[in-house]
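The values are calculated or read from the model by the stated rules, or taken from the named source; none is laboratory data. As the structure is a computational prediction, the values presented were derived from the model and not from experiment. No Cβ is skipped: glycine too gets one built from the backbone with ideal geometry, and neighbour counts run over all protein chains shown.
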Number of protein chains: 2
Amino acid sequence: MSAMRIAASLFGTLLLLAAGGPALAYDEPVEKREFVLRDFTTEQGETIAEVRIGWEAYGELNAAKDNVILICHYFSGTSAAAGKYTAEQERPGYWDAIIGPGKPIDTDAYYVVSSDTLVNLNVADPNVITTGPASLDPATGEPYGLDFPVVSMRDFVNVQKALLDSLGIERLHAVMGASGGSVQTMEWAAAYPEMVPRAIPVISPGLEMPPYVVGLLKMWNMPIEMDPNWNGGDYYGGTPPLEGLSNALQLVTLNALHFDWAESTFGRSPASEEIDPEAAFAHEYKVEAGLQASGDARAATTDANHFLYMSKANMTFSVADEIEKIEAKTLFIPAEGDMIFPPFLSELAAERLRAQGLEAEVFTVTGPFGHLNGVFNIDQAGEAIRAFLEE
Amino acid sequence: MSAMRIAASLFGTLLLLAAGGPALAYDEPVEKREFVLRDFTTEQGETIAEVRIGWEAYGELNAAKDNVILICHYFSGTSAAAGKYTAEQERPGYWDAIIGPGKPIDTDAYYVVSSDTLVNLNVADPNVITTGPASLDPATGEPYGLDFPVVSMRDFVNVQKALLDSLGIERLHAVMGASGGSVQTMEWAAAYPEMVPRAIPVISPGLEMPPYVVGLLKMWNMPIEMDPNWNGGDYYGGTPPLEGLSNALQLVTLNALHFDWAESTFGRSPASEEIDPEAAFAHEYKVEAGLQASGDARAATTDANHFLYMSKANMTFSVADEIEKIEAKTLFIPAEGDMIFPPFLSELAAERLRAQGLEAEVFTVTGPFGHLNGVFNIDQAGEAIRAFLEE
């Protein structure tokens with residue numbers, strides 16, 4: 001079996017479960033829009049002359065503009081949470097199973113807004129609009145590279161806030177997100193408590209990034225920084241650090257999945273029937289070839305510097321000192337077998353919020369995908385989400 | 001705080017728990033010995049003209065030579081399981097808490113043998129004797145490099161078997177090992193069932209290496225192979241791939257430990273009080289600096305090619321097809337929070353052995369160290385081990 005067929009098989013397995021099937025898809029064509037913000041000041045006091053981010057919405061904004069649910073995306077995600085941009089598109093957005101007419105996040109009732117973040121990884125995805133080190137610095141006409149200011153999850157949220165301001169939205173019905181999106185969710189709850197009555201952090205670190213995951217993020221960055229083509233972040237116009245980026249994305253994939261997934265997707269098969277992994281170093285197992293092929297494929301649309309900036313934004317996350325500002329009631333949705341943000345982190349955060357007199361529930365999803373159960377198996381939490389939104 | 005002080009602090013925390021204290025140490029001076037084996041044939045049919053491995057023993061061999069317990073070491077371990085080579089040595093062997101006079105593995109009753117394996121990582125440790133890619137090939141007078149044959153855990157066991165043959169030992173009382181040592185333990189039980197009435201696999205993958213961990217091992221190898229100084233394995237006499245090796249060892253450390261360890265050892269502190277990790281890429285958290293310092297320190301005594309060969313030997317482990325040969329009763333000792341070999345793998349293996357009509361028990365140790373609870377907190381299983389050995 002060729003490496004690409006293995007990659008196809010890998011992603012086929014993953015995405016089949018994510019897709020749900022055409023009958024379930026949010027069925028309006030999704031329009032990707034652009035939001036432009038001038039002279040954005042970061043949390044660290046730096047100015048970005050022009051921020052452009054992509055966004056999309058499902059459902060209709062009501063007259064009172066008070067039916068808005070904001071969805072924040074994960075580390076390697078995009079705004080594409082539901083539906084399809086075109087009829088030809090193979091699969092709908094990552095949470096299409098719970099967003100749509102009559103679904104738990106019911107687009108007959110809610111106006112669901114989803115945006116790309118700053119330093120989104122998928123720079124070469126034609127449906128993504130983002131601003132980061134790969135963007136042209138208007139002052140020089142050249143890509144920023146590492147001259148782009150370090151940005152934080154609070155900065156991501158402040159850009160989203162400006163987007164909502166531009167739409168005249170003064171209060172949200174809820175904020176929700178998976179993984180890095182759950183980080184933005186808690187930043188929202190701490191930064192704009194008067195706007196956030198409900199927060200749904202899915203596969204969440206809780207109130208701050210655990211030091212163990214800061215270590216993981218250092219390891220994710222490592223292969224990029226080892227790649228001579230990274231060149232200290234200065235590779236635009238030259239050869240990008242694809243080897244390092246592929247290796248970084250392989251680490252992400254492995255950490256985000258689980259033993260059960262590897263067992264059922266690859267087993268202990270060799271990469272092809274002709275080889276014996278016991279006989280030679282170059283003879284690989286299928287899981288090795290599958291990781292390699294998936295990393296290589298994803299590297300082609302990912303920017304290495306954006307990856308490093310996204311890691312940094314995750315490392316620096318903490319609202320632990322701002323917990324008393326939070327007013328939202330919270331529904332944590334951890335995933336069984338999650339080795340990035342294990343369920344105990346959601347339990348701890350819920351306890352801390354309850355100790356502040358706030359309501360906080362925990363609903364755990366299960367499945368073979370580890371961390372990514374929170375993306376692929378979110379339908380398990382559908383009725384819990386519906387009830388939480390209606391309360 | 002300097003990087004080296006962080007490393008010292010990191011290892012101080014870890015090793016304090018491993019050490020136990022002088023009153024508990026196996027108190028005979030340990031003599032490291034050498035075993036030489038000519039014309040060793042590997043499982044794959046290759047010949048190694050001269051194998052040299054180090055070994056040591058605690059206690060006395062009885063006249064019947066039937067009081068022998070064999071200890072097999074883990075991935076980055078050595079034969080130093082108990083006691084000290086010299087009075088000046090800072091700390092005793094890694095399982096000193098359970099090996100010694102009156103301890104669960106009672107050296108007043110048992111003769112405990114522990115050997116270095118083939119391709120042991122710690123080539124530059126003066127107390128380690130091993131044979132692998134860094135050894136001189138007698139045919140050329142040069143280091144083998146990647147011309148050294150691929151070796152398996154079965155080969156490790158066959159060298160240990162030859163060592164025991166040389167001592168006139170025909171049957172073991174038990175075989176025991178942690179992690180990679182648990183792999184050798186199950187190889188022993190399958191390869192020489194008539195010699196192995198009792199097996200104690202600690203922090204074990206069970207009967208084969210899970211594909212998920214094959215993926216982890218690929219990731220551990222990756223930074224070495226990315227380092228230009230690795231040079232396809234040909235670096236002897238030149239500059240070794242220390243950066244890649246440090247990064248590989250950092251991945252091992254992180255995977256082998258746990259959230260609780262990172263939280264209590266580092267918290268979310270910056271690497272020094274003068275810096276703010278939110279302000280600049282170069283400003284690190286303490287956990288980042290600690291991992292880096294520990295990886296750098298360990299890289300200095302580790303050989304990169306030996307690391308790759310040890311990974312391969314782990315990847316290829318399977319006795320799943322030989323389970324019906326096993327006669328031993330087994331005591332699995334998994335560790336709570338283990339993210340390399342989670343406890344469910346021991347439970348599954350125990351079930352499979354019971355389905356063959358064999359006795360198999362599971363005793364789980366706990367603590368903040370993840371996988372390494374099986375090394376640092378083995379004393380929790382002391383009385384279970386004592387009883388198992390006496391049955």
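The table that follows gives values for the structure above.
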{"item": "Close pairs from segment B:200-212: first within 8 Å of chain A (Cβ to nearest Cβ) and under 18 Å from residue B:152 (Cα atoms), partner among the aliphatic types (A, V, I, L, M) and assigned to a loop (DSSP other than H, G, I, E, B), Cβ under 8 Å, at least 6 apart", "result": "B:208/B:319"}
{"item": "Neighbours by Cβ (under 7 Å, 6+ apart or cross-chain): first from segment A:250-271, without any contact (Cβ under 8 Å) to a residue 24 or more places away in the chain; second assigned to a helix (DSSP H, G or I) and charged (D, E, K, R)", "result": "A:269/A:286; A:270/A:286"}
{"item": "Members of segment B:89-106 found to be among the β-branched types (Val, Ile, Thr) and either without any contact (Cβ under 8 Å) to a residue 24 or more places away in the chain or assigned to a strand (DSSP E or B) (or both), listed by number", "result": "B:99, B:105"}
{"item": "Residue that is farthest from the chain's Cα centre (by Cα), among those in segment B:243-276 that are assigned to a loop (DSSP other than H, G, I, E, B) and of a type in the set (A, V, I, L, M)", "result": "B:275"}
{"item": "Residue match in segment B:111-118 (condition: in a strand (DSSP E or B), touching a residue at least 60 places away in the same chain (Cβ under 8 Å) and buried (at least 20 other Cβ atoms within 10 Å of the Cβ))", "result": "yes"}
{"item": "So residue A:262, is it at pLDDT 95 or above, more than 11 Å from chain B (Cβ to nearest Cβ), under 21 Å from residue B:340 (Cβ atoms) and surrounded by 21 or more Cβ atoms within 10 Å (Cβ to Cβ)", "result": "no"}
{"item": "All positions within segment A:277-305 that are β-branched (Val, Ile, Thr) and within 13 Å of another protein chain (Cβ to nearest Cβ)", "result": "A:287"}
{"item": "Residue that is nearest to residue A:77 (Cα to Cα) [pool: residues in segment A:313-336 that are within 12 Å of chain B (Cβ to nearest Cβ) and crowded, with 23+ Cβ neighbours inside 10 Å]", "result": "A:313"}
{"item": "Residue list for segment A:136-174, filter: in a loop (DSSP other than H, G, I, E, B) and free of Cβ contacts under 8 Å to residues at least 12 places away in the same chain", "result": "A:140, A:141"}
{"item": "Failed item in (1) more than 22 Å from residue A:313 (Cα to Cα); (2) touching a Gly at 6+ places or on another chain (Cβ under 8 Å), with residue A:224 passing the rest", "result": "(1)"}
{"item": "Among residues of segment A:175-206, those that are part of a loop (DSSP other than H, G, I, E, B) and not polar (S, T, N, Q), counted", "result": "6"}
{"item": "Residues of segment B:323-358 satisfying the condition of being in a loop (DSSP other than H, G, I, E, B) and touching a Leu at 6+ places or on another chain (Cβ under 8 Å)", "result": "B:326, B:327, B:328, B:334, B:340"}
{"item": "Residues that are of a type in the set (A, V, I, L, M, F, W, C) and either in a strand (DSSP E or B) or touching a Lys or Arg at 6+ places or on another chain (Cβ under 9 Å) (or both), drawn from segment B:359-391", "result": "B:360, B:362, B:365, B:388, B:389"}
{"item": "Any hit, segment B:168-189, residues being under 30 Å from residue A:269 (Cβ atoms), crowded, with 24+ Cβ neighbours inside 10 Å and in contact with a Lys or Arg (Cβ under 6 Å, 6 or more places away or on another chain)", "result": "yes"}
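Conditions (1) under 30 Å from residue A:249 (Cβ atoms); (2) within 14 Å of chain A (Cβ to nearest Cβ); (3) more than 19 Å from the chain's Cα centre (by Cα); (4) modelled with pLDDT under 95, marked per residue:
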site: B:120; (1), (2), (3), (4): no, no, no, no
site: B:125; (1), (2), (3), (4): no, no, no, no
site: B:132; (1), (2), (3), (4): no, yes, no, no
site: B:138; (1), (2), (3), (4): no, no, yes, yes
site: B:161; (1), (2), (3), (4): no, no, no, no
site: B:164; (1), (2), (3), (4): no, no, yes, no
site: B:185; (1), (2), (3), (4): no, no, no, no
site: B:222; (1), (2), (3), (4): yes, yes, yes, no
